[in-house]
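*Asks:* One structure, pasted below without further comment.
The values are calculated or read from the model by the stated rules, or taken from the named source; none is laboratory data. For clarity, every value in this text was computed on a predicted model and none was experimentally measured. Positions of Cβ are backbone-derived with ideal geometry, glycine not excepted, and every protein chain shown enters the neighbour counts.
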Amino acid sequence: MTGLAQLVPYDEALSRYEPVIGLETHVELGTRTKMFCGCPTTFGLEPNSAVCPVCLGLPGSLPVANRAAIEYTIRIGLALNCSIATWCRFARKNYFYPDMPKDFQISQYDEPLCTDGWIDVEIDGRTVRVGIERVHLEEDTGKSLHMGGATGRIHGAEYSLVDYNRAGIPLVEVVTKPVAGTGALAPDVARAYVTELRDLLRSLGVSDVRMEQGSLRCDVNTSLAPHGSAEWGTRTETKNVNSLRSVERAVRFEIERQAAVLDAGQKVVQETRHFHEEDGTTTAGRSKEEAQDYRYFPEPDLVPVAPDRDWVEQIRASLPELPAARRARLQADWGLSGLEMTQLQNAGALDLIGATVDAGAPAADARKWWMGELARHANATGTDMSELPITPVQVARVSALVRAGTINDKLARQVLEGVLAGEGEPDAIIEARGLAIVTDEGALTSAVEAAIAANPDIAAKIRDGKTAAAGALVGEVMKATRGRADAGRARELILQQLA
Amino acid sequence: MAAGDAASAGGLTRLTAAQIAAAVASGEVSAVEVTQAHLDRIVSVDPDVHAFLHVAGIGALAAAEDVDRKRAAGEPLGPLAGVPLALKDVLTTSDMPTTCGSKILADWRPPYDATVTRRLRDAGVVILGKTNMDEFAMGSSTENSAYGPSRNPWDLARIPGGSSGGSSAAVAAYEAPLAIGTDTGGSIRQPAAVCGIVGMKPTYGGSSRFGLVAFASSLDTPGPLARTVLDAALLHEVMSGHDPLDSTSVDAPVPPVVAAAKQADVSGLRVGVVTEFSSGGYQTGVQARFTEAVELLESLGAKVVEVSCPHFSYALPAYYLIAPSECSSNLARFDGMRYGLRVGDDGTRSADEVMSLTREAGFGPEVKRRIMLGTYALSSGYYDAYYGKAQQVRTLITQDFDAAFEQVDVLVSPTTPTTAFPIGERVDDPMAMYLADLFTIPSDLAGNAAISVPCGLAPEDGLPVGLQIMAPALADDRTYRVAAAVEAALQQRWGGPLLAQAGELGEAQGGAR
């Protein structure tokens, strides 16, 4: 797709240039109704069924702001340590596009609801504070489907269909301040920021933050400047980067591409770029010369928003435990290092482990299974941990069965495998597969006797006092019982018999 | 049909709204009879006047029948039940087209009623049809209508004012006793003045804009036109009040306008004459009638003083930045994608091209001029110098009003600098056209209340002159009190309403029945 883009290997690029990144994240709020009318916000309805004169922008219709959306935005702003405006206005962003019913978008311009906050993200045990420039509230546009073209873009399409169900859904935009000084970690910081923001929004209950459904969408800004330069470089804005992995890849690709441009003595063009999931590349979109003049002006159909201070304090008091605080608490509870905690988070296992602990498993057990067996399985199958077909309750049950001595770790792995394969609940799998440890002393004794009889040489060594050789016979016993024997008891029996 | 002069078909159209409502309520006439009389009158004179773009005879008669049925059943009737009304074609109606006088909305049928429309229906007002207007309410003569101009019943060769010229012409031609107009820069008061009737711009936000197709959102205000001050007040009361669907709607009780119109007393009232308006080139007869009206107010016991409003001279330029800026954004939605006219969609053109061709073909020259003005004024790099500066001027004008209203209770001025001008005279001179709103624009910018009431004929052309009375925001009742006093005194002087001095239309040529 981008055969012409010259790239500089990542490490080499970082040896000469310092990246600065910035992120603009759009979040669809989970309010019951739309931003300026009473239509439902439900995802996946019949196209153009959740519309009315207001969200269709019919002549004469007028917007009325949704109080819940304003409250949600304030909640986000407070959680991001922002100042909440005492008085602000909506503004019109004017441009023509068929999926915008009024050919302007009601947004906020120079008077956002929330400003000047921050959020800490952890990368490999290191804390990076990402500044938040602003959090503002606007309405989403309709959704265009371009039919009959090769690319799915409007260019080259035969015709387009527009679904206005999405038009008018409340949308919050969270804009970071430029993040500098993170060097080679820039792509990781970008990803960790979006992850942290997503978790924060989820904990606030303001959005379902589903990147695959478009309720969380990212634009990623990247620029490079030579080390030691007093000024930042020209930035590009990569639009609609819609998975955590893509955020990381987009930054990485732009660093490699921009380094090549600068190495060649050329200038980076200020432009928007499209990200391509298939190969992780970006291609040029609109350049700044063609950029629109949005002719922002205060929305005259709406009155200013002046959130009452008492109301803001009520919202602040009602904030739930935020992810960072929760992590600190869990880290202490579970006795983990910062690095270990970051690993859990990066693997997307934190909530799963938490839920497993809540279901009764010791933290160490929960962590062992999720970060071991289950993480490997997720990797091998290319699934998110949270999408694995196993629940924290099931993992907790496996842990309980090990602790009760019904199974050992090795058998437990087979049980987990069974659950993942859809064979049912852990107890049923143990039953069906016959995985319980052999606790029948007679059966075990027979297996031990058989092993001794089959390996006279080893038995002789043990009789001569080389007890370390007992391991080999334990192995034989385990093989004969298909792993279901209690290895410690088998060893005791072997040593007794050959004493 | 009931006996008596008042109830003869011709007579019914001469009644005031108050008289019709009383006659319907008492059973002296039926709402259907009243409605039919007005529909007949429309058939008879509207080919000449062209006040209506759409007449809804069947719907009007059905609404009238409903009123008669309710009356027969003993159900309570509103104060204007059974009274016919002409609705400006800028307010949406679910059972009639809404064109805004534009080709781009030819035959557009809205799926919903404007709040004003709904309130009228709920009150039992009978909507006869939709009236002509300057395209998207941009103009002062109805000459900017895509469907041809309306004509002034006083002189069919002259403009009926605008943009609510169809509404003013309908009322002056006895096609309806009441009409709804909208005022953005004077579009109710100026047509009322040049047609010799009463027109009121309520306080901004006093009447709902929901379903009013926007020209300039921060200025647009629906209001009543009528042949008497009391009728205007009755309509004002029925159409107004807080509307949760309009965020800019005022959440306060409707001022007691009907009581004020009945009070009709100015003794002890302080009346201000704006110094800055005195200098400006009025037509001689306009000046004469205005001076007389001020003297009349003094003779009725008002205290008249001169008041300076230094920033009023900047009102017109500020208005012609703010209104076009808002219109450039409000009218963006007419792109041919979802409703209305669509041009060039032959399967080979892009959406962008179809939008351009549609707007090129669908908008008239004045609308395009204002869209371009507004687009320019809002552009990056020009915003502060134009839109931003105009907003500052707007604040200064509001402050001028605030200072003035500390000294006086109301301000008065002529409504327009001239009487109705001949059709075609100013079509090629936008600046001359804009000057028609010189005295009305300040109240729009400040969002306060202002009424125009007839104050006589200019001797040189025999055409009506309007007196404008301005009051602070939410003091709408004060304008009615003064207007009603002026009306009563002048009618006594004239021996009847001013409109009685207008020549007969159509019927004289054999339309009488």
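*Asks:* I need a count of the residues in region A:84-96 that are crowded, with 18+ Cβ neighbours inside 10 Å and either more than 14 Å from chain B (Cβ to nearest Cβ) or part of a loop (DSSP other than H, G, I, E, B) (or both).
*Replies:* Looking only at region A:84-96, we keep the residues that are crowded, with 18+ Cβ neighbours inside 10 Å, and these are A:84-85, A:88-94.
If we keep only those that are either more than 14 Å from chain B (Cβ to nearest Cβ) or part of a loop (DSSP other than H, G, I, E, B) (or both) too, we end up with A:84-85, A:88-90.
Residues meeting the conditions: 5.
Residue by residue, here is whether (1) in contact with an Asp or Glu (Cβ under 6 Å, 6 or more places away or on another chain); (2) assigned to a helix (DSSP H, G or I); (3) not small (Gly, Ala, Ser) holds:
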{"site": "B:191", "(1), (2), (3)": "no, yes, yes"}
{"site": "B:194", "(1), (2), (3)": "no, yes, yes"}
{"site": "B:200", "(1), (2), (3)": "no, no, yes"}
{"site": "B:209", "(1), (2), (3)": "yes, no, yes"}
{"site": "B:215", "(1), (2), (3)": "no, no, yes"}
{"site": "B:222", "(1), (2), (3)": "no, no, yes"}
{"site": "B:230", "(1), (2), (3)": "no, yes, yes"}
{"site": "B:243", "(1), (2), (3)": "no, no, yes"}
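*Asks:* Can I ask one more? Any residue in region A:84-98 that's within 15 Å of residue A:138 (Cα to Cα): show its pairings with residues that are among the hydroxyl-bearing types (Ser, Thr, Tyr) and buried (at least 21 other Cβ atoms within 10 Å of the Cβ) at Cβ separation under 6 Å, as long as the two are six or more apart or on different chains.
*Replies:* Qualifying pairs under 6 Å: A:92/B:329; A:94/B:329.
*Asks:* If residue B:384 passes every condition in (1) under 19 Å from residue B:99 (Cα atoms); (2) more than 8 Å from chain A (Cβ to nearest Cβ) but one, which one does it miss?
*Replies:* The one condition residue B:384 does not meet is (1).
*Asks:* Among the residues in region B:366-380, are any crowded, with 21+ Cβ neighbours inside 10 Å, touching a residue at least 12 places away in the same chain (Cβ under 8 Å), within 29 Å of residue A:98 (Cβ to Cβ) and not aliphatic (A, V, I, L, M)?
*Replies:* Keep residues of region B:366-380 that are crowded, with 21+ Cβ neighbours inside 10 Å, which gives B:367, B:370-371, B:374, B:377-378.
So of that shortlist, the ones also touching a residue at least 12 places away in the same chain (Cβ under 8 Å) come out as B:367, B:370-371, B:374, B:377-378.
Next, only the ones that are within 29 Å of residue A:98 (Cβ to Cβ) stay: B:367, B:370-371, B:374, B:377-378.
Pick out the ones that are also not aliphatic (A, V, I, L, M) and you get B:370, B:374.
The answer is yes; a qualifying residue exists.
*Asks:* Quick test of your reading of the structure: residue A:323 fulfils all but one of (1) within 29 Å of residue A:74 (Cα to Cα); (2) surrounded by fewer than 21 Cβ atoms within 10 Å (Cβ to Cβ). Name the failing condition by number.
*Replies:* All conditions are met except number (2).
*Asks:* Out of region A:9-33, which residues are of a type in the set (Val, Ile, Thr) and within 14 Å of residue A:225 (Cβ to Cβ)? Reasoning before the result, please.
*Replies:* Within region A:9-33, the first condition is being of a type in the set (Val, Ile, Thr), and the residues that meet it are A:20-21, A:25, A:27, A:31, A:33.
Answer for region A:9-33, where residues must be of a type in the set (Val, Ile, Thr) and within 14 Å of residue A:225 (Cβ to Cβ): A:20, A:21.
*Asks:* Right, next: Give all pairs with beta carbons closer than 6 Å in which a residue from region A:258-287 that is among the acidic types (Asp, Glu) meets a residue that is at pLDDT 90 or above and surrounded by fewer than 17 Cβ atoms within 10 Å (Cβ to Cβ); count only pairs at least 6 apart in sequence or on separate chains.
*Replies:* Close Cβ pairs (under 6 Å, with a partner that is at pLDDT 90 or above and surrounded by fewer than 17 Cβ atoms within 10 Å (Cβ to Cβ)) amount to A:271/A:284.
*Asks:* I'd like the residue in region B:62-79 that is touching a residue at least 60 places away in the same chain (Cβ under 8 Å) and aliphatic (A, V, I, L, M) and, out of all such residues, is nearest to residue B:119 (Cα to Cα). Break it down stepwise before answering.
*Replies:* Of all residues in region B:62-79, those touching a residue at least 60 places away in the same chain (Cβ under 8 Å) come to B:63-64, B:78-79.
In the following step, the residues that additionally are aliphatic (A, V, I, L, M) were identified as B:63-64.
Values: B:63: 13, B:64: 15 Å.
Among those that are touching a residue at least 60 places away in the same chain (Cβ under 8 Å) and aliphatic (A, V, I, L, M), it is B:63.
*Asks:* Restricting attention to region A:124-132, does a residue exist that is under 22 Å from the mean Cα position of the chain (by Cα), in contact (Cβ under 8 Å) with a residue 40 or more places away in the chain and either closer than 20 Å to residue A:274 by Cβ or not assigned by TED's automatic domain parsing to the domain that holds residue A:33 (or both)?
*Replies:* For region A:124-132, residues under 22 Å from the mean Cα position of the chain (by Cα), in contact (Cβ under 8 Å) with a residue 40 or more places away in the chain and either closer than 20 Å to residue A:274 by Cβ or not assigned by TED's automatic domain parsing to the domain that holds residue A:33 (or both): absent.
*Asks:* Kindly state which helices (runs of 4 or more DSSP H) lie completely within region A:333-395 and contain at least 1 residues that are out of contact with any strand residue (DSSP E or B) (no Cβ under 6 Å at 6 or more places or on another chain) and within 25 Å of residue A:424 (Cβ to Cβ). Even if it seems obvious, please write down each step before you answer.
*Replies:* On the way: elements: A:338-346, A:350-358, A:363-369, A:375-381.
Where helices (runs of 4 or more DSSP H) fall fully within region A:333-395 and carry at least 1 residues being out of contact with any strand residue (DSSP E or B) (no Cβ under 6 Å at 6 or more places or on another chain) and within 25 Å of residue A:424 (Cβ to Cβ), they are A:350-358, A:363-369, A:375-381.
*Asks:* Follow-up question, since we're still on this one. So which residues in region B:255-297 are acidic (Asp, Glu), within 18 Å of residue B:475 (Cα to Cα) and in a helix (DSSP H, G or I), if there are any at all?
*Replies:* Kept after step one, since they are acidic (Asp, Glu), are these residues of region B:255-297: B:265, B:276, B:292, B:295.
Now narrow it down to the ones that are within 18 Å of residue B:475 (Cα to Cα): B:265.
Result: no residue meets the conditions.
*Asks:* Given the criterion of a type outside the set (A, V, I, L, M) and either under 30 Å from residue A:499 (Cβ atoms) or assigned to a helix (DSSP H, G or I) (or both), identify the matching residue among A:417, A:423.
*Replies:* Working: A:423 fails: either under 30 Å from residue A:499 (Cβ atoms) or assigned to a helix (DSSP H, G or I) (or both).
Every option except A:417 fails the conditions.
*Asks:* Then there's this: Name the pairs: first residue in region B:80-104 and without any contact (Cβ under 8 Å) to a residue 24 or more places away in the chain, second residue among the aromatic types (Phe, Trp, Tyr), Cβ to Cβ under 9 Å, at least 6 apart or on different chains?
*Replies:* Here the result reads B:94/B:112, each pair linking region B:80-104 to a residue that is among the aromatic types (Phe, Trp, Tyr).
*Asks:* Going by what's in this entry, would residue B:113 be described as of a type outside the set (Gly, Ala, Ser) and within 13 Å of another protein chain (Cβ to nearest Cβ)?
*Replies:* Working: of a type outside the set (Gly, Ala, Ser): yes; within 13 Å of another protein chain (Cβ to nearest Cβ): yes.
Taking the combined requirement at face value, the residue satisfies it.
*Asks:* Could you check residue A:148 against (1) within 23 Å of the chain's Cα centre (by Cα); (2) surrounded by fewer than 20 Cβ atoms within 10 Å (Cβ to Cβ); (3) small (Gly, Ala, Ser) and say which number it fails?
*Replies:* Every condition holds for residue A:148 apart from (1).
*Asks:* While we're looking at this one, here's another question. Could you tell me which residue of region B:165-195 is surrounded by the fewest Cβ atoms within 10 Å (Cβ to Cβ), considering only residues that are of a type in the set (Ser, Thr, Tyr) and farther than 14 Å from residue B:50 by Cβ?
*Replies:* At the first step, the residues of region B:165-195 found to be of a type in the set (Ser, Thr, Tyr) are B:167-168, B:174, B:182, B:184, B:187.
Applying the additional criterion that residues be farther than 14 Å from residue B:50 by Cβ yields B:174, B:182, B:184, B:187.
On the way: B:174: 25, B:182: 27, B:184: 29, B:187: 36.
In this case the residue turns out to be B:174.
*Asks:* Could you identify the single residue in A:47, A:59 that is within 29 Å of the chain's Cα centre (by Cα), at pLDDT 95 or above and within 30 Å of residue B:99 (Cβ to Cβ)?
*Replies:* A:47
*Asks:* Considering each of A:173, A:212 in turn, give the residue that is of a type in the set (Asp, Glu) and more than 23 Å from residue A:346 (Cα to Cα).
*Replies:* On the way: A:212 fails: more than 23 Å from residue A:346 (Cα to Cα).
Step by step, each of A:173, A:212 is checked, and only A:173 is of a type in the set (Asp, Glu) and more than 23 Å from residue A:346 (Cα to Cα).
*Asks:* Yes or no: residue A:63 within 14 Å of chain B (Cβ to nearest Cβ) and either hydroxyl-bearing (Ser, Thr, Tyr) or crowded, with 21+ Cβ neighbours inside 10 Å (or both)? Break it down into steps so the answer makes sense when it comes.
*Replies:* Working: within 14 Å of chain B (Cβ to nearest Cβ): yes; either hydroxyl-bearing (Ser, Thr, Tyr) or crowded, with 21+ Cβ neighbours inside 10 Å (or both): yes.
Judged against the criteria, residue A:63 is a match.
*Asks:* Does residue B:354 meet the test of being within 12 Å of chain A (Cβ to nearest Cβ), under 17 Å from residue A:103 (Cβ atoms) and surrounded by fewer than 21 Cβ atoms within 10 Å (Cβ to Cβ)?
*Replies:* Values: within 12 Å of chain A (Cβ to nearest Cβ): yes; under 17 Å from residue A:103 (Cβ atoms): yes; surrounded by fewer than 21 Cβ atoms within 10 Å (Cβ to Cβ): yes.
Spelling it out, residue B:354 is indeed within 12 Å of chain A (Cβ to nearest Cβ), under 17 Å from residue A:103 (Cβ atoms) and surrounded by fewer than 21 Cβ atoms within 10 Å (Cβ to Cβ).
*Asks:* Give the residue that is nearest to residue B:327 (Cα to Cα), with candidates limited to residues of region B:207-242 that are within 11 Å of chain A (Cβ to nearest Cβ) and surrounded by fewer than 24 Cβ atoms within 10 Å (Cβ to Cβ).
*Replies:* Out of the qualifying residues, it is B:217.
*Asks:* Of the numbered conditions (1) in contact with a strand residue (DSSP E or B) (Cβ under 9 Å, 6 or more places away or on another chain); (2) more than 14 Å from every other protein chain (Cβ to nearest Cβ), residue B:65 fails exactly one; give the number of that condition.
*Replies:* (1)
*Asks:* Which of (1) within 14 Å of chain A (Cβ to nearest Cβ); (2) assigned to a loop (DSSP other than H, G, I, E, B); (3) not hydrophobic (A, V, I, L, M, F, W, C) does residue B:301 not meet, given it meets every other one?
*Replies:* The one condition residue B:301 does not meet is (1).
Conditions (1) without any contact (Cβ under 8 Å) to a residue 24 or more places away in the chain; (2) closer than 19 Å to residue A:216 by Cβ, marked per residue:
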residue	(1), (2)
A:9	no, no
A:21	no, yes
A:44	yes, yes
A:62	no, no
A:67	yes, no
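*Asks:* I need the full set of residues from region B:102-121 which are part of a helix (DSSP H, G or I) and either of a type in the set (A, V, I, L, M) or over 22 Å from residue B:59 (Cβ atoms) (or both), in order please.
*Replies:* Of all residues in region B:102-121, those part of a helix (DSSP H, G or I) come to B:103-105, B:115-121.
B:103, B:104, B:105, B:116, B:120, listed by residue number.
*Asks:* In the set B:148, B:124, B:74, which member is part of a loop (DSSP other than H, G, I, E, B), on the phi > 0 side of the Ramachandran plot and crowded, with 24+ Cβ neighbours inside 10 Å? Steps first, please.
*Replies:* On the way: B:148 fails: crowded, with 24+ Cβ neighbours inside 10 Å; B:74 fails: crowded, with 24+ Cβ neighbours inside 10 Å.
Result: B:124 is the single residue among B:148, B:124, B:74 that is part of a loop (DSSP other than H, G, I, E, B), on the phi > 0 side of the Ramachandran plot and crowded, with 24+ Cβ neighbours inside 10 Å.
*Asks:* Taking the conditions exactly as written (within 11 Å of chain A (Cβ to nearest Cβ), surrounded by fewer than 18 Cβ atoms within 10 Å (Cβ to Cβ) and of a type in the set (Lys, Arg)), does residue B:333 satisfy them or not? First the steps, then the outcome.
*Replies:* Numbers: within 11 Å of chain A (Cβ to nearest Cβ): yes; surrounded by fewer than 18 Cβ atoms within 10 Å (Cβ to Cβ): no; of a type in the set (Lys, Arg): yes.
No; evaluated as a whole, the condition is false for this residue.
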